[in-house]
Amino acid sequence: MKNKLFISLICLFTLITSCSNNDDTTTNEEAINIPWSLKSVIGGLVGTNDTFVMGTILWTFDDSTNTLIVLNNNTEDVIYDGLQTGSYNYTISTIDGLDYLIVDGSNNLGKIESINNELTLDNGLPLDGLFLTFETYTP
């Protein structure tokens with residue numbers, strides 16, 4: 001299971017770094033451990049459409065410990081801004097060929113997908129779920 005998780009994460013983040021326009025090389029370990037900044041949350045029953053300033057909410061996946069480290073500095077009164085600041089155990093579970101982010105063993109945050117420098121979590125659109133968009137964070 002750990003090998004499957006590791007391979008899934010490497011593929012996910014290699015896709016992101018392989019589309020870079022610069023000549024800098026990034027190891028798989030560096031790619032997995034890059035911070036992601038929450039860019040927007042849309043959807044839900046009430047029609048959430050919130051955007052966040054780059055760096056306000058950061059998620060970093062630590063593959064060596066299967067830990068998701070969240071730094072949430074959001075002070076705005078919004079419907080949903082992801083996880084609160086803390087460390088969470090995570091796994092990537094593949095169901096019917098799609099990868100899902102599972103946090104703390106049972107909390108399915110949705111289908112995880114990356115394209116270029118963007119990571120998305122879809123937990124039920126177009127129904128009443130939320131769609132989170134992240135982008136790579138460079139301070």
A careful count of residues in region 29-84 that are acidic (Asp, Glu) and over 18 Å from Thr136 (Cβ atoms) gives 4
Among the candidates Leu58, Leu101, residue that is under 18 Å from Asp122 (Cβ atoms) and either at pLDDT 95 or above or buried (at least 17 other Cβ atoms within 10 Å of the Cβ) (or both): Leu101
If Gly124 satisfies all but one of (1) touching a residue at least 24 places away in the same chain (Cβ under 8 Å); (2) in contact with a Ser or Thr (Cβ under 6 Å, 6 or more places away or on another chain); (3) under 25 Å from Val46 (Cα atoms); (4) open to solvent by less than 40 Å² (accessible area, probe 1.4 Å), what's the number of the condition it fails? (2)
Only one of Val46, Val78 is of a type in the set (A, V, I, L, M, F, W, C), outside any strand (DSSP E or B) and open to solvent by 80 Å² or more (accessible area, probe 1.4 Å), namely Val46
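Every residue, every condition in (1) farther than 26 Å from Gly47 by Cα; (2) in contact with a Gly (Cβ under 6 Å, 6 or more places away or on another chain); (3) of a type in the set (A, V, I, L, M, F, W, C), yes or no:
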{"position": "Thr75", "(1), (2), (3)": "no, no, no"}
{"position": "Gly82", "(1), (2), (3)": "no, no, no"}
{"position": "Glu113", "(1), (2), (3)": "no, no, no"}
{"position": "Asn116", "(1), (2), (3)": "yes, no, no"}
{"position": "Phe131", "(1), (2), (3)": "no, yes, yes"}
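The values are calculated or read from the model by the stated rules, or taken from the named source; none is laboratory data. Keep in mind that what you see is a predicted model, and the values were worked out from it rather than measured. Here Cβ is always computed from backbone atoms with ideal geometry, including for glycine, and neighbour counts include all displayed protein chains. These accessible areas exclude ligands, DNA and RNA; they are computed on the full protein's heavy atoms, side chains included. Shrake-Rupley method; radii C 1.70, N 1.55, O 1.52, S 1.80 Å.
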